[in-house]
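Below: one structure, written as structure tokens.
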Amino acid sequence: MKQCESVRDAVQQAIAKLGKKVFVLSPIAIGAGNEYLNELGECARRGEVDLTVFSGLTLEKPMLPGGVRAKVLNPIFERIYKDYTTFRFIDECREASSQGKPLPDYLTFTSLYHFPGYLLRIPQQQHVFTAVNFRDTNERFRQKSCNCIVMKVSCRDGKYNCGTNSDVMIHAMRDVKKNNGVVMLLDNKNVPYVYGSADIPDELIDFVVKSDEPLYVMPHQALTVVEHAIGNYVSEIIPDGATLQIGIGQMADAIGFWMAKKGRTGINGWSELLSPSFLYMIKKGVINRKDEHNVLLTGAFIVGNEELYKFASENPDVRMTSVHETNNKEFIQRIPNFHAVNSTLQADLFSQAASEGFFKKDQYVQYTGIGGQFEFQESAMKSEGGKSILCLRAVNRTESGKPVASSIVPFLKNVISVPRNKMDCVVTEYGWRQVRFGTIHERASAMIELADSAYQKDLLKAARKMNLVDASYAIPKECRNNTWASLVAKFGAIAKEVPYPLGLGIDLAKYSTDGEKAMLAAVREGAGLLKKIKLLRNLNRERKEMAKNIN
């Protein structure tokens, strides 16, 4: 192990050992070694190396498209994330794609899990997406002769630790060393030092550089009546005393909120991803049962905010291990009442689900990746008393709630992520049904009853045409009012009162000017158009003065 003065120094020594061909692995999300990737990228740009980068969930600085919200928020985002190092190649690809130019080709980038919607912005990169379950990625790295690892880590008393990413990294380091490769670490004081199986043996480490940039923080999105409805129904399914797996985002936030609102207790957390919703449920007394390892949470990687990272650090209630344990059916099936909750994009009348992408004008769009979804979906069904719960927004809508397209279709023209024989509980904003072991009729009728009423007649017609339902079947009366208006009547008040149950995830006020704070307050309080226009003019004047002072 060698301490280096700079990233450039470490990279040059690594290249001297590796030679021309470099296949580098950077961990998913928070632990990504972007400073090393950028330096290796510059070497590739100069023709010094033939570089392939393999990663997942490559994080970008938030940037809203045009409009008033973008005008107000994007400058604030710039201040919040100004010290975070992104992977420069991705920034260049995004800029080139937006201008209709060819993507840079000085390196090859491939990913196992894209940030949702990434390939809508950079569709040219879809061809190098790698479809793989998270637990199988180590085999993929070995197959491709991965010879370099770069990542952020923590250090306590001279011991290096995987921190936010114990997922596949120790296994990958061992494989890289067997391949006579190099492991390069960024020692960052902000990375949590976690207990479990995250310590890195010294013999696996080649180069270490000290770098204390802030960790990426994931902003929360507001919950609408749709997410509140789904969170409510999911919390009905999960009993006290269950072991719970969830992901991140609106669904996870809604589930955490409604688990607390319903007074659920005795829960233990076991998930590949530890997100802010888990911390919320601990603070609310939902997660308060320790497992056989004497911990409240078991996970493989962490994505969230500063509060979550600090909570996980040196916390005996948190155990970090690899996905070869968290996502493994052999472990999960031995845990009673294991409830796995995941999201999907589309489902059909056979109860098959497509969670990775969709077709747009006859072209396939890889929207995200499968991650560990199928592994949890299958494993939870083997747990005594366990359930697999798949959440689906029944319809794509406009902001005003008008239905645009049904997410429940007669037959999927798509990549199947969950086949019908592995489907258990399906939840939409209109309720839930358990279809495990269901007949063809039971599955088709369940999906019709969970659909938006704007599409139910067409779905029933298609079901009859495909001979999926009994001739006597009629949509139950209580399912014929699956409308936006019914959602607003049931959940409108709570959605208005609690749009951000877990907070914003980022401290907007800390980085906002007086004019921006006034504008944000007006939006939050539902101020009228004239007041917003006046405040926007004030904000424009304030920013012009700021720019003048800088110049």
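The values are calculated or read from the model by the stated rules, or taken from the named source; none is laboratory data. Computed from a predicted structure; not experimentally measured. Reconstructed Cβ throughout: ideal geometry from the backbone, glycine too, with neighbour counts over all protein chains shown. Keep in mind that these areas ignore ligands, DNA and RNA; they rest on the heavy atoms of the full protein, side chains included. Shrake-Rupley method; radii C 1.70, N 1.55, O 1.52, S 1.80 Å.
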Quick check on segment 478-505: of everything there that is not assigned by the TED database to the domain that holds Y309 and not in a helix (DSSP H, G or I), which residue is farthest from the chain's Cα centre (by Cα)? V498
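Identify all residues within segment 395-427 that are of a type in the set (S, T, N, Q), in contact with a helix residue (DSSP H, G or I) (Cβ under 7 Å, 6 or more places away or on another chain) and either at pLDDT below 95 or crowded, with 22+ Cβ neighbours inside 10 Å (or both); write none if there are none.
Scanning segment 395-427 gives a single hit, S417.
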I need the full set of residues from segment 67-97 which are among the small types (G, A, S) and either under 25 Å from V22 (Cβ atoms) or within 24 Å of the chain's Cα centre (by Cα) (or both), in order please. A70, A96, S97
Where residues in segment 286-337 are farther than 25 Å from G385 by Cα and among the aromatic types (F, W, Y), which of them is nearest to the chain's Cα centre (by Cα)? F301
Out of all the residues in segment 52-85, which are open to solvent by less than 20 Å² (accessible area, probe 1.4 Å) and within 23 Å of E5 (Cα to Cα)? Y84
By residue number, the members of segment 405-419 that are free of Cβ contacts under 8 Å to residues at least 60 places away in the same chain and either within 21 Å of the chain's Cα centre (by Cα) or assigned to a strand (DSSP E or B) (or both) are A405, S406
Out of segment 439-453, which residues are open to solvent by less than 20 Å² (accessible area, probe 1.4 Å) and among the small types (G, A, S)? A444, S445, A446, A451
Of the residues that sit in segment 420-460 and are in a helix (DSSP H, G or I) and β-branched (V, I, T), which one is nearest to E478 (Cα to Cα)? I448
I'd like to know if segment 473-484 contains one or more residues that are aliphatic (A, V, I, L, M) and over 23 Å from N342 (Cα atoms). yes
Filter result for M184 (assigned by the TED database to the domain that holds V49 and part of a strand (DSSP E or B)): yes
Could you grab the pairs with beta carbons closer than 6 Å, sequence gap of 6+ or different chains, first residue in segment 282-303 and in contact (Cβ under 8 Å) with a residue 24 or more places away in the chain, second one among the β-branched types (V, I, T) and part of a strand (DSSP E or B)? V286/I267; I287/I267; L296/I287; L297/V318
Long-range neighbours under 8 Å by Cβ, at least six apart or interchain, first residue outside the structural domain of Y193 (by the TED database) within segment 321-334, second open to solvent by 20 Å² or more (accessible area, probe 1.4 Å) and of a type in the set (K, R): V323/R135; H324/R135; N327/R135; N328/R135; K329/K382; I332/K382; Q333/K382
What pairs can you find where one residue is in segment 150-162 and in the same structural domain as V11 (by the TED database), the other is assigned to a loop (DSSP other than H, G, I, E, B) and of a type in the set (K, R), and their Cβ atoms are less than 9 Å apart, with a gap of 6+ or different chains? S154/K189; C155/K189
